[in-house]
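Reading through the structure tokens given below for one structure.
The values are calculated or read from the model by the stated rules, or taken from the named source; none is laboratory data. Fair warning: this is a prediction, and the values are worked out from it, not measured in the lab. Quick reminder, even Gly has a Cβ in these numbers, built from the backbone with ideal geometry, and neighbours come from all protein chains shown.
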Amino acid sequence: MIYLPKEKGLCSTINQTLNTIYELYEKEISKTNPHNIYVYKDFINNNLVIKELNELGIKIIDDVKTLSSDDLLVITNIGITSNDLKYLKDNHISYFDTSCPKINKLRKSVTTHFNRGYKVIVIGDNFLHDERITSIKKINDIDKINKNNKLYIIKDLNYPKEEYDNLIEVIKKEFKEIVIENFKCENKDKLLNSNKELENKVNKTFTLGKDFYNLNEFSTYILKEDLNEKEDYGICSILNTPAKELDNYKYLLRFLIFYKARLKELIVNQDKLNKSLNEEDNEYVNTSLKDFSDLNQDGKYIRGTLIALGEYITSGHTKNYLNLATAYETFETSILIHDDIIDNAKLRRGKMTIPRRICQKYLHKRKDLTYHNDTLKLANSIGICLGDYGLFLANKIIYDNYAKYKNFNKILSTYNDIVIKTIKGEVLDVYLPFMAKYNYNVTKEEDIINIYHLKTSLYTLIGPFSLGCLLNEEELSEEFTNLLNNMGIYFQIKDDLLGIFGKSKVTGKSNTSDILEFKQTLLYSYIIKTPYKDEFLKLYGKSSLTEKEVNKIKHLLEISQAKKYTENYLENIYYNSLNMIESLHLKEDYKDLLKGLLIFLNIREK
């Protein structure tokens, strides 16, 4: 089980600030001429929240004099100086005050002591954003302060207590007159106590804002950890983590634990299959099957895991999925081998593709043109043979392991239907670039979404889930199918973005292959409707590209807003999918797993 602390999220005043900002945004966005919304001063040490505000067009400012009467200002929990407040009133600027009463009281105390000649010190960050305050973070900072000063000292709530105590000891020895402000936050104390209670309850806790700062870091760490499905885990947070963000970590952890457990089983079973393929007497067949076996591993095993998830959601266990998942992963390898021939790809799963291996082995041996062309033919021919081999091997695995099931015909029929529809999607994926490149047809957005449905949604999500459900003689409901279709489209759009903007070392495939094959994506369908079309088409689909030209394509996709449009499209699908998950008639644990899967698809970098 995964537990969250009883007290979670932000302190009440930070939460009030955020709620006010979001409520204002919802009101303004519905107007014909919405006001600009600004936030006075940095108020939360959380990059995800800041990023979200930026994406909504909400800016954090330091100087109220940049505002006009057409703007709206939210005064955050840290409050505002009396001079700035006077400026707002004098210039008729609307503001919404969510300042913390305790911080307002502290500001008055700072002013009082400053006027009495005290040097105002904050140990930690200057969270009041007051230019009269000096920040001290280490012992060496003390040397910069005149020893004749009287000191008024405040502790930043997030500064470590042990380090604070050490600094205070040094200050007491070097300064004669010191006033220490005992500034406390009951919300933080409650949070810390709640975290301690949780730590005593579970096998291990993960603390956000201390051990981890974003979901990517968290995911990378968890995938390397040896976690047990039967143990209890907790997720804690410091003061700057909203409750909904904490929930996202819980969902992701729930899915990752399930995924890691299946990953171990799948790798062992796939390895067993691969070893059984390398027993042929014929040298050429054996060599070819070794290449197939080498590619038939080191995948992400997402589709195999989703078969397990389909079985789990319909039965509460994963007893029977393994061989079906192994067959499906083998089918995936086969499709990818064919895909690599179509795309003339060089890398797959961080390794050379089948055709590339053969070319590297034989091309250098002779230089005449006939030999060169025959080697290329051999490379692609063996690739086609091995792709075909894998498709029928997958079929055989299903027959050998599930022929005795009551609904065997349905399982095999569903698998074959997935293969057929995937190939139909591939036909469209091959035809449309040609038709667009040579002006036979203009690719529309709906054409691309249709490819995503056939080639990705059915193959990556709907198909695996359907097969998993069939292990318990159940079928996907229409609402579940619609959700998975949505998530499959999401998966492919993310893939398209990574295909150009991702890092090749991370994705395991070239970031020029989509460009070289003139791939039809949302990015493409958007930019060809902009004034950047002609400049873009001079490079897109070019047979060879320099790094400068690739960067130019990226730049054009950005300045044309094609990248932004695609990212917004992706975001809309994401939140729509979350709502669809909530509406499903499933146990909360199953919903958590699906939300975790969606988050995993969202943060993936390969």
query = Applying the selection to segment 333-365, what residues are among the hydrophobic types (A, V, I, L, M, F, W, C), in contact (Cβ under 8 Å) with a residue 40 or more places away in the chain and part of a helix (DSSP H, G or I)?
reply = 335, 336, 337, 341, 342, 354
key: All helices (runs of 4 or more DSSP H) inside segment 366-484 with 1 or more residues being farther than 28 Å from residue 581 by Cα and at pLDDT below 95   = 369-402, 408-437
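Name the residues in segment 281-332 that are of a type in the set (Asp, Glu) and more than 15 Å from residue 263 (Cα to Cα), would you?
281, 283, 291, 294, 311, 332
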remark   = residue 330 meets each of (1) at pLDDT 95 or above; (2) outside any loop (DSSP other than H, G, I, E, B); (3) surrounded by fewer than 21 Cβ atoms within 10 Å (Cβ to Cβ) with one exception, condition (3)
task = Specify the residue that is surrounded by the most Cβ atoms within 10 Å (Cβ to Cβ); the eligible residues are those in segment 239-270 that are of a type outside the set (Asp, Glu) and at pLDDT below 90.
result = 241
key: Residue list for segment 529-575, restricted to those being over 28 Å from the mean Cα position of the chain (by Cα) and closer than 21 Å to residue 447 by Cβ   = 529, 530, 532, 533, 536, 537, 541
task = Please identify the pairs in which a residue from segment 247-271 that is closer than 15 Å to residue 215 by Cβ has its Cβ atom under 8 Å from the Cβ atom of a residue that is polar (S, T, N, Q) and in a helix (DSSP H, G or I), counting only partners at least 6 apart or on another chain.
result = 252/219; 256/219; 259/305
ask   = Taking into account only those residues within segment 33-72 that are in a strand (DSSP E or B) and among the hydroxyl-bearing types (Ser, Thr, Tyr), which is surrounded by the most Cβ atoms within 10 Å (Cβ to Cβ)?
value = 40
ask   = Counting only residues that are under 20 Å from residue 352 (Cα atoms) and β-branched (Val, Ile, Thr), which one in segment 367-419 is surrounded by the fewest Cβ atoms within 10 Å (Cβ to Cβ)?
value = 384
query = Does residue 56 count as farther than 27 Å from residue 183 by Cβ and among the hydrophobic types (A, V, I, L, M, F, W, C)?
reply = yes
ask   = How do the strands (runs of 3 or more DSSP E) wholly within segment 123-185 filter down when requiring 2 or more residues that are touching a strand residue (DSSP E or B) at 6+ places or on another chain (Cβ under 8 Å) and within 16 Å of residue 103 (Cα to Cα): which remain?
value = 150-155, 178-181
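Table: residues versus (1) out of contact with any Ser or Thr (no Cβ under 9 Å at 6 or more places or on another chain); (2) surrounded by fewer than 19 Cβ atoms within 10 Å (Cβ to Cβ); (3) farther than 21 Å from residue 423 by Cβ.
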| position | (1), (2), (3) |
| --- | --- |
| 445 | no, yes, yes |
| 459 | no, no, no |
| 466 | no, no, no |
| 469 | no, no, yes |
| 474 | no, yes, yes |
| 478 | yes, yes, yes |
| 481 | no, yes, no |
| 484 | no, no, no |
ask   = In segment 556-596, which residue that is outside any helix (DSSP H, G or I) and free of Cβ contacts under 8 Å to residues at least 60 places away in the same chain is surrounded by the most Cβ atoms within 10 Å (Cβ to Cβ)?
value = 560
message = Can you tell me which residue is farthest from residue 223 (Cα to Cα) among those in segment 271-285 that are surrounded by fewer than 14 Cβ atoms within 10 Å (Cβ to Cβ) and in contact with a helix residue (DSSP H, G or I) (Cβ under 7 Å, 6 or more places away or on another chain)?
response = 280
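Somewhere in segment 110-118, is a residue closer than 20 Å to residue 178 by Cα, in contact with a Leu (Cβ under 8 Å, 6 or more places away or on another chain) and of a type outside the set (D, E, K, R)?
Checked segment 110-118: at least one residue is closer than 20 Å to residue 178 by Cα, in contact with a Leu (Cβ under 8 Å, 6 or more places away or on another chain) and of a type outside the set (D, E, K, R).
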